[in-house]
Structure formats: structure tokens, C-alpha cells
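Data first, discussion second: the structure below is written as C-alpha cells.
The values are calculated or read from the model by the stated rules, or taken from the named source; none is laboratory data. Owing to the predicted nature of the structure, the values given are computational and were not obtained by experimental measurement. Using ideal geometry, Cβ is built from the backbone for each residue, glycine included, and neighbour counts are taken over all protein chains shown.
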Number of protein chains: 2
Amino acid sequence: MSPVAKPLLDTIRGARQARPPLWIMRQAGRYLPEYRELRARAGSFLELCYTPALAAEVTLQPLRRFDLDAAILFSDILVIPDALGQEVRFEAGEGPRLEPITPEGLGKLRPDAVLERLAPVFETLERIRGALPPGKTLIGFCGSPWTVATYMIAGAGSTDQAAARIFALTQPQAFAALIDILVEASIAYLVRQFEAGADVVQLFESWAMNLDEQQFRDYVIAPNRKIVEGVRARIPDAAFIGFPRGAAAMLPAYAAAVRPDALGLDYGTPPDFADRALPRSLPVQGNLDPIRLLAGGPQLDLAIDGIIAAFGNRPHIFNLGHGILPQTPIANVERLVRRVKGG
Amino acid sequence: MSPVAKPLLDTIRGARQARPPLWIMRQAGRYLPEYRELRARAGSFLELCYTPALAAEVTLQPLRRFDLDAAILFSDILVIPDALGQEVRFEAGEGPRLEPITPEGLGKLRPDAVLERLAPVFETLERIRGALPPGKTLIGFCGSPWTVATYMIAGAGSTDQAAARIFALTQPQAFAALIDILVEASIAYLVRQFEAGADVVQLFESWAMNLDEQQFRDYVIAPNRKIVEGVRARIPDAAFIGFPRGAAAMLPAYAAAVRPDALGLDYGTPPDFADRALPRSLPVQGNLDPIRLLAGGPQLDLAIDGIIAAFGNRPHIFNLGHGILPQTPIANVERLVRRVKGG
């Protein structure tokens, strides 16, 4: 480990700080003019993800503007299906489109090819690592198996994940096989992310809502647990931030079984509920509503102060409870950083 | 009150039953061939809602097939904006479309015209009341103000209610005025529903997720509380089922402040969590995942039994945790009813 203190990584390791360290989900993104400028010059979205010089540059852009404590790899959760050989396209303004997978099509996925296809991601991490000031934490990530599977099965995002939920209940063997493929690919991918310089990785379970308790245990808890255990079998001190979005009531069960080093909270999770429900030693991350950041003004300060106060007695990383919105004014982000840093 | 026992209403009033009474959200709907047949003959969706003979017939259809304990008024939560004078259309397969409201447009809403426009709804309730067997409970409903406002502001449904959430934070005075109009219209509407024969009304807060704690208190709890208090000021024993969907962690605060007679649970709420978090005397309703009903088979029986067991020590109304899906096989509904009834 680096001899220089990294406040964000230290917080994940359990240290409380005088002021919470800070990063912002989607901090490298469309609200930044320099991102939009670079994005317009690049080819497809996936080409941008797979071009190390550009992906590293995009990753570092927000840290040049704001006093953030971490860089997060610029990539997408759907590089895994792409690397498995499923067709993935990002249509402008429409979100991702995939060739939906069928039980019969599972055999065509190529788990052995994943690390080769994702080699540019590891080079990106190495470049970021080399350019990042020593006090900054480098965050890698992947999509959790259920969330990735919802896109692979439906061929697109959806409001209720109905296609994947029907698939899981009516084709349980094919579903289990798909989840197993994703667990193994994710373990291999994350191990290489740590080897390439990631200090910590976040597991994005973006579609953890819309599941009943048993489904949550089967689709969310079990696969995420396997990933954490699988990576730690090879890298014992591998640090994880778990982020099961939209499942406040299941957070204690998730934390106890998956055993992440820190737990990301969406903005729908009441801070005092989370503080009561979770072990005091468990670091939490979050959970400002991105709409409050977009709207700005005194309500933003009030909301920031409330979150910091609610988590004052435990290790806390300040963040949004969901990704920053493209129309967010830069001045509001500056205001957020000043407020969190106590300026 | 009728001298004949109504198991579902009695449960709402706090009586435990040997087997839970049962109704199904959207039980009058597209999964029924007789509904599809009648719908094809009717004009627009709103015309169907406003034609008492047809709306009453649709309401009663599911009770002819299944041993359900309640009929629920066939209508829509968007009759309120329609009655206020906002343009509301239902496009086939696309969901509702409204002319989005602006702060300047609030003055054009006509709260005084609401009851006149909704007169056919009250006639529908009277017709259902007259035709309903005496042991069956008649449920009325309205959309809660925040949920209705999300459609009025965005002009359509949305996955994240961003338009309404931005409106609320950036135009707080106009937003408060809109909510006040909806609270008053809802009180008048529900009082007339009780007078026309409803035994109980359900407050559908379908978009209670995606709010942070303060927003939930301001947009959900406060207006629903005003509605319950406003109706009870005129009908002291008016019975309410509150249903704030997608906000498991906020259920205790909602129940304590809004004081519904029963609380509807979505399927994302773990039953044992709800049972622990809520007063033992509070009746609950729910919460089977509609996808499980659609998929059928042994997993359906297991899920039904689990829910009944979890709520075995409190008054419990069996229901889905969200509306029944159009592609649900009739045979699965028959299986559900048999299983719940202990057959």
C-alpha cells in the first residue's frame, strides 16, 4: 500500500475523517463541457471505453476541476456482455441496445475471450494510476450479475426488468447458467482491475429494486457474495463498495452476506434508517439526490449538511445517491465540493 | 354498516381471519378475455371510465370468475386532472398523455368543476353497490397528490419522475399550490365515493420511490395525511388503505403520520421486515410479486404460503404487490385463489 494517505481508501478501510471524502457517481460525464467536447471527437461510446488514452483522459477530467478524492474508471457495465460476445450498441439518446440472449444462445457466449477483449480497460487503469496524484483513490467497477443480466435478456434497459424476472422464474436453469457465467467473468475482470492499479472496486447493482425478498437473496446477494469471495480468494485485501440500488430494507442482509468494505446508499434510503440498521463499523457512501444538486441553492446546502450529520458517527464517503444528471450546472458541483470539504 | 359480515372490511377494521381475505390489484383488467371483449366495444378508455353501466360491469367481471372478497371501482387515477380541466388522453399501448402543466397554467385548473365531471363515477359506485353480494367489500380509490402531480407536470409516466422532482425543488410555490389543489379535489372526490357506497378507499401513491426522506415527508406523507384527515372530518369512520409504493424504509413514518386503517405493501417490501417495523395492530395488504403469479407452478404456492405465514399474527389482506400483468394465465389466478382460501 502507498505510504501516502488516501482519505477515501482509508475511510473504506474503516477510518473516520474530520470531513467526509468525496466522489460523484458519473463524475466523468456529460455535465462537463470538456467531456462533451472529447466525446464528440471520439467514435462510438464503446470505442471511447476501449481507447486507453481517451478513457484515461475522460477519467481525469473532473479531478482537474474539482477537489475530489477519487477517480473512477471511465467505462460501462455492459463491457462484460460485449466481451462475452453479445452484440452491444449505444444509440445516441436511446440507451444501450443488445441482441437479446435466449437459453439456446448461452452456449455462444465466450467466457474465455473476456480478458482479451477487456485488455484496453486494464491499460486505461494503468494510465490513470500513473497520472493520478498520490492522495487520490482509484476506483474500478463492474455491473453486478443480475443487473447485467437484465440488459442481456431484455436487450435494453426497462422500468421493471420484467423480461429478466420472467426469464428467471420460467427458465431457472438457463438463468442460473447465465448468472454463473457473469460471476466468473466478473471475478476475472475485477482481479485484473486490482492488478492494473485499482484501489477499490464498486459493484453496481443498479436494478436491485423490483425484486421480492427471495429473488433479492437469489439474484443479488448470492452472486455478489460469490464475486467478493472469488476476488478475495486471489487478492485477500481486495476492497469492495457494494451498491444495491433501491433496496433499503434489504441492506442489512446484503451487508451481512456479501461483506463489502463499504455500502453505497441510494437517495431513497433515509440516512437515519441506514445508520440504525447497519453495523456502526460499516462505512457508508452517499446519498444526495442528484436532483437537489441540479436545483442548487440553499436547499442543496441543507441536504448536504443533513447527510453529513446523519453519518457523523461512522466512516462516511460523501457521494450522490445516483449518477449526476447531464444538465447539472458546474457551479452547483463547485458549491457541493466546498460545502462537503467544510470551506 | 351492513349487518352481514364483510371479511375484507372487517380485516381492515382490525379483525384477524382464519384465512386472509383477498383481492387483486387491477383484477378488472386485460388478463380477462371478457374485459378485452368489452374494452374493444367501448370508445376511449376515459369514456369507459365515465359510462356507469360499462364501468360497473367491468368492475364486477372478476367476481363472477373468482371467489374474491372485494370489488374495486374501475377507474383511473388520472380522472382527477381530467376533471380539473387538464387534457388527458390514453394512447393504445403508450400509456397516458397529458398537456404538461406549467406554473402559469395552474390558474386554469377548475377545482369547482371536479365533482360535476366525476358524477358518472359516483353513479358507477351506486350501480356496483346494488349488484354486489352483501359479503363483498366495495373499494374506491384515488391517486395520491404527488403521484398525480408527476403525470400532470411531465405529461406522461416516467421512470424517475425527474420532471416533477425538478419542478418541486425549483418552483416550490407553484408546486405547493398544485398539491393543495389535488388534496382538496381528492377529499371532495373520496367523500362522494363513500356517500355513493364505497366501504373503504385506497390511496395509490404509485411513485413513492425515487424520493429522499425529506421529499417523502413533504410530497407523500403531508398530502396523504391531509386527505385522510379531511375526509374523516366529514365521515369520521372513513376507512383507508394507504399504498406508498417503493418506500419500504419509510412505511413506519407513513403509517404513524397518515394513519391509514391498513397499509398496502409492494412486493419489494420483505414481509418479515414489514412485520417487525409496523405496529402489530396495523392491518397489512399484499404483497405477492405479479411475476410469480404470471409464472405459476410450485414457486407460486411457495411464495403465497410464505406471505401468509409472515403475516399470520396480524390482520392481513392477501393481494399482489403491484397490478396483475395482462399476460397472466387465468388458471394461475384460479390457483392463487384456491391456495389463499385454503382449498
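Mind listing whichever residues of region B:1-36 are free of Cβ contacts under 8 Å to residues at least 24 places away in the same chain and crowded, with 17+ Cβ neighbours inside 10 Å?
Selection gives B:ASP10 alone.
List the pairs whose first member sits in region A:277-302 and is closer than 13 Å to A:VAL333 by Cα, whose second member is assigned to a loop (DSSP other than H, G, I, E, B) and among the aliphatic types (A, V, I, L, M), and whose Cβ atoms are under 7 Å apart, counting only residues at least 6 apart or on separate chains?
That search, which allows pairs on different chains as well, returns A:PRO290/A:ILE324; A:PRO290/A:LEU325; A:LEU293/A:ILE324; A:LEU294/A:LEU325.
What single numbered condition from (1) surrounded by fewer than 22 Cβ atoms within 10 Å (Cβ to Cβ); (2) under 19 Å from A:PRO81 (Cβ atoms); (3) modelled with pLDDT of 95 or more fails to hold for A:GLY140?
Just one mismatch for A:GLY140, condition (1).
Based on this model, can you work out whether B:ASP237 counts as touching a His at 6+ places or on another chain (Cβ under 8 Å) and assigned to a loop (DSSP other than H, G, I, E, B)?
No, not satisfied.
In this structure, is A:VAL228 on the phi < 0 side of the Ramachandran plot, assigned to a helix (DSSP H, G or I) and aliphatic (A, V, I, L, M)?
Criteria met by A:VAL228.
Being farther than 18 Å from B:PHE141 by Cα, at pLDDT 95 or above and loosely packed, with under 14 Cβ neighbours inside 10 Å is the requirement here; does B:ALA40 meet it? Working first, answer last.
Working: farther than 18 Å from B:PHE141 by Cα: yes; at pLDDT 95 or above: no; loosely packed, with under 14 Cβ neighbours inside 10 Å: yes.
Here the answer is no, as B:ALA40 does not meet what is asked.
Which one is surrounded by the fewest Cβ atoms within 10 Å (Cβ to Cβ), of the residues in region B:189-222 that are more than 14 Å from chain A (Cβ to nearest Cβ) and over 17 Å from the mean Cα position of the chain (by Cα)? Break it down stepwise before answering.
Going through region B:189-222, the residues more than 14 Å from chain A (Cβ to nearest Cβ) turn out to be B:189-204, B:222.
Now narrow it down to the ones that are over 17 Å from the mean Cα position of the chain (by Cα): B:195-196, B:222.
On the way: B:GLU195: 13, B:ALA196: 20, B:ALA222: 17.
Among residues in region B:189-222 that are more than 14 Å from chain A (Cβ to nearest Cβ) and over 17 Å from the mean Cα position of the chain (by Cα), the one surrounded by the fewest Cβ atoms within 10 Å (Cβ to Cβ) is B:GLU195.
Mind checking which residues of region A:234-266 are within 11 Å of another protein chain (Cβ to nearest Cβ) and not charged (D, E, K, R)?
A:GLY246, A:ALA247, A:ALA248, A:ALA249, A:MET250, A:LEU251, A:PRO252, A:ALA253, A:LEU265 - these are the residues of region A:234-266 that are within 11 Å of another protein chain (Cβ to nearest Cβ) and not charged (D, E, K, R).
Being within 11 Å of chain B (Cβ to nearest Cβ) and among the acidic types (Asp, Glu) is the filter here, so list the residues in region A:285-325 that pass it.
A:ASP289
Assuming A:ALA119 fulfils every condition listed in (1) surrounded by fewer than 18 Cβ atoms within 10 Å (Cβ to Cβ); (2) of a type in the set (A, V, I, L, M, F, W, C); (3) touching a strand residue (DSSP E or B) at 6+ places or on another chain (Cβ under 9 Å); (4) at pLDDT 95 or above apart from one, which condition is it?
Tallying (1) surrounded by fewer than 18 Cβ atoms within 10 Å (Cβ to Cβ); (2) of a type in the set (A, V, I, L, M, F, W, C); (3) touching a strand residue (DSSP E or B) at 6+ places or on another chain (Cβ under 9 Å); (4) at pLDDT 95 or above, A:ALA119 fails exactly one: (3).
I'd like the full set of residues that are surrounded by 22 or more Cβ atoms within 10 Å (Cβ to Cβ), out of contact with any Gly (no Cβ under 7 Å at 6 or more places or on another chain) and under 22 Å from B:TRP23 (Cα atoms), limited to region B:249-268.
Step one: of region B:249-268, the residues surrounded by 22 or more Cβ atoms within 10 Å (Cβ to Cβ) are B:249-251, B:254, B:258, B:260, B:262-268.
Pick out the ones that are also out of contact with any Gly (no Cβ under 7 Å at 6 or more places or on another chain) and you get B:249-251, B:262.
Answer for region B:249-268, where residues must be surrounded by 22 or more Cβ atoms within 10 Å (Cβ to Cβ), out of contact with any Gly (no Cβ under 7 Å at 6 or more places or on another chain) and under 22 Å from B:TRP23 (Cα atoms): B:LEU251, B:ALA262.
Identify, by number, the condition in (1) in a helix (DSSP H, G or I); (2) polar (S, T, N, Q); (3) within 20 Å of the chain's Cα centre (by Cα) that A:GLN299 doesn't meet.
That leaves (3) as the condition not met.
Do you know which of the residues in region A:303-326 that are within 17 Å of the chain's Cα centre (by Cα) and part of a loop (DSSP other than H, G, I, E, B) is farthest from A:VAL340 (Cα to Cα)?
Ranking the qualifying residues of region A:303-326, first place goes to A:LEU325.
For A:SER75, indicate whether it is at pLDDT below 95 and not hydrophobic (A, V, I, L, M, F, W, C).
no
Condition (residue is within 13 Å of chain A (Cβ to nearest Cβ), more than 23 Å from B:GLN17 (Cβ to Cβ) and in contact with a Ser or Thr (Cβ under 9 Å, 6 or more places away or on another chain)) applied to region B:326-337: is it met by at least one residue?
Looking through region B:326-337, none of the residues is within 13 Å of chain A (Cβ to nearest Cβ), more than 23 Å from B:GLN17 (Cβ to Cβ) and in contact with a Ser or Thr (Cβ under 9 Å, 6 or more places away or on another chain).
For region B:233-255, which positions are within 18 Å of B:SER186 (Cβ to Cβ) and in contact (Cβ under 8 Å) with a residue 12 or more places away in the chain?
B:ARG234, B:ILE235, B:ALA238, B:ALA239, B:PHE240, B:ILE241, B:GLY242, B:PHE243, B:PRO244, B:ARG245, B:TYR254
Of the residues in region B:256-277, how many are aliphatic (A, V, I, L, M) and under 16 Å from the mean Cα position of the chain (by Cα)?
So the count comes out to 4.
Give all pairs with beta carbons closer than 7 Å in which a residue from region A:215-232 that is without any contact (Cβ under 8 Å) to a residue 12 or more places away in the chain meets a residue that is surrounded by 18 or more Cβ atoms within 10 Å (Cβ to Cβ); count only pairs at least 6 apart in sequence or on separate chains.
Note: pairs meeting the criteria are A:ARG232/A:ALA238.
Hand me the list of strands (runs of 3 or more DSSP E) wholly inside region B:67-180 holding 1 or more residues that are free of Cβ contacts under 8 Å to residues at least 60 places away in the same chain and more than 30 Å from B:ASP10 (Cα to Cα).
B:88-91, B:95-98
Among what's in region B:146-180 and is of a type in the set (Ser, Thr, Tyr) and within 22 Å of B:ARG89 (Cβ to Cβ), pick the residue that is surrounded by the most Cβ atoms within 10 Å (Cβ to Cβ).
Step by step, filter region B:146-180, then rank; the result is B:TYR151.
Among the residues of region A:70-116, which ones are in contact with a strand residue (DSSP E or B) (Cβ under 9 Å, 6 or more places away or on another chain) and β-branched (Val, Ile, Thr)? It would help to see each step written out before you state the result.
So in region A:70-116, the residues in contact with a strand residue (DSSP E or B) (Cβ under 9 Å, 6 or more places away or on another chain) come out as A:70-73, A:75-82, A:86-91, A:96-99.
Those that are in contact with a strand residue (DSSP E or B) (Cβ under 9 Å, 6 or more places away or on another chain) and β-branched (Val, Ile, Thr): A:ILE72, A:ILE77, A:VAL79, A:ILE80, A:VAL88.
Among the residues of region A:43-75, write down those that are buried (at least 18 other Cβ atoms within 10 Å of the Cβ) and of a type outside the set (A, V, I, L, M, F, W, C).
Those that are buried (at least 18 other Cβ atoms within 10 Å of the Cβ) and of a type outside the set (A, V, I, L, M, F, W, C): A:TYR50, A:PRO52, A:GLU57, A:THR59, A:GLN61, A:PRO62, A:ASP69, A:SER75.
This table checks each residue for (1) in a loop (DSSP other than H, G, I, E, B); (2) of a type in the set (A, V, I, L, M).
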site	(1), (2)
B:ASP10	no, no
B:GLY14	yes, no
B:GLN17	yes, no
B:ILE24	yes, yes
B:GLY29	yes, no
B:GLU34	no, no
B:GLU37	no, no
B:GLY43	yes, no
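Being of a type in the set (A, V, I, L, M, F, W, C) and touching a Phe, Trp or Tyr at 6+ places or on another chain (Cβ under 9 Å) is the filter here, so list the residues in region B:323-339 that pass it.
Hits for region B:323-339 are B:ILE324, B:LEU325, B:ILE330, B:VAL333, B:LEU336, B:VAL337.
Looking at this structure, is B:ALA162 farther than 25 Å from B:GLY286 by Cβ and within 12 Å of another protein chain (Cβ to nearest Cβ)?
Yes.
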